[in-house]
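Colleague: Please read through the structure below; I'll follow up with questions.
The values are calculated or read from the model by the stated rules, or taken from the named source; none is laboratory data. All of these numbers come straight from a predicted model, not from anything done at the bench. Using ideal geometry, Cβ is built from the backbone for each residue, glycine included, and neighbour counts are taken over all protein chains shown. Note: accessible area is taken over every heavy atom of the protein model, side chains too, but ligands, DNA and RNA are not part of it. Shrake-Rupley method; radii C 1.70, N 1.55, O 1.52, S 1.80 Å.
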Amino acid sequence: MSDQIYFEDVRPGAELPTLRKDPTTQQLVMYAGASGDFYQIHYDQGFAQANGLPDVILHGALKNAFLGQLVTDWIGEMGTLKRLTVQYRGMDVPGAPVFCKGIVKKAAVQDGQGVVECDVWLENSEGRKTTPGSAVVSLPLRSR
Amino acid sequence: MADSIITPEMRGAIGVESVPVTQEIEKGAIIRFAQAIGDPNPLFTDEAAARRSRYGGIIAPPTFLRSIIAGPPTVEFDIPYSANLDGGSEWEYFEPVRPGDRITHTVRITDVFERQGRLGNMLFVIREGRYVNQFGTLAALERNTGINYEPQDAG
């Protein structure tokens, strides 16, 4: 497991390490199988276009999973994800990289836990935030 | 302004729970889900490494619970649109999900409303999904926004 981050290491304005993902049509098929979401807009181009979409698009829930990975990578084994919110404002298509990013908004000890609130989002290579969200985590305290 | 497409049947479905579905969580399903999302975290994929963690074994990644498909609604209603999109989710986590857990999933609609947008008139359906483990502990909640719309002619 990677190096553990502690509550004391974190202050508002700190950035989470960026996670780059390179979704492919193959990944969309794997995700369809693993999640049981077989809606054709995610793997049938003709069907997607007949539904007014530019191409097959990433499952929103796959982008949610990418942002989950951003946060669980950052908080490490000793951190706990308490809340994760995502909004699918823009579509993303396979074959183009997406970048998962985050910034710490608040950090406070509550009931003996190091609680940290972050904005998280997924942006495309043009820097457009297609998937804004937020996360609340607890991090271990060094002093314990 | 166009007439509302929200029917008394839709309003009547608010607050009514779906037929519960109970699913046993398989370790292989967790690992395949982690592989599908491209997440190599050993907590989700490597039993030996995960055993040395504070969890004592593999746990499911945060959005794994999406793979439990909800049962049918107990109150049916028609949506006059043929296409839908996922608008987003808000998850709250209370308890890790582990292989061997038996998770009971129910969904209830908490709100229905409509809005105009780039896809024309859109029907928003807010659903709250509950995931309760075999000990009766609420493991997670997911509030999801579903968006229903009618595709417009490209020509």
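Colleague: Which is closer than 27 Å to B:Gly146 by Cβ, more than 16 Å from the chain's Cα centre (by Cα), facing chain B (nearest Cβ under 7 Å) and without any contact (Cβ under 8 Å) to a residue 60 or more places away in the chain, of A:Ala50, A:Ala32, A:Ala61?
Modeller: Answer to the check: A:Ala50.
For every residue, the table says whether it meets (1) touching a strand residue (DSSP E or B) at 6+ places or on another chain (Cβ under 9 Å); (2) more than 10 Å from chain A (Cβ to nearest Cβ); (3) modelled with pLDDT of 95 or more.
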| residue | (1), (2), (3) |
| --- | --- |
| B:Ser4 | yes, yes, no |
| B:Met10 | yes, yes, no |
| B:Val21 | yes, yes, yes |
| B:Arg32 | no, no, yes |
| B:Pro42 | no, no, yes |
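Colleague: Now for a different question. Please go through region B:129-147 and give me each residue that is open to solvent by 20 Å² or more (accessible area, probe 1.4 Å) and either more than 17 Å from B:Pro96 (Cβ to Cβ) or not in a strand (DSSP E or B) (or both), ordered by number.
Modeller: Within region B:129-147, B:Gln134, B:Phe135, B:Gly136, B:Thr137, B:Arg143, B:Asn144, B:Thr145, B:Ile147 qualify.
Colleague: What single numbered condition from (1) out of contact with any Asp or Glu (no Cβ under 6 Å at 6 or more places or on another chain); (2) more than 8 Å from every other protein chain (Cβ to nearest Cβ); (3) open to solvent by 20 Å² or more (accessible area, probe 1.4 Å) fails to hold for A:Asp37?
Modeller: (2)
Colleague: Determine whether region A:73-84 contains at least one residue that is facing chain B (nearest Cβ under 10 Å), in contact with a strand residue (DSSP E or B) (Cβ under 6 Å, 6 or more places away or on another chain), open to solvent by 20 Å² or more (accessible area, probe 1.4 Å) and of a type in the set (Ser, Thr, Tyr).
Modeller: yes
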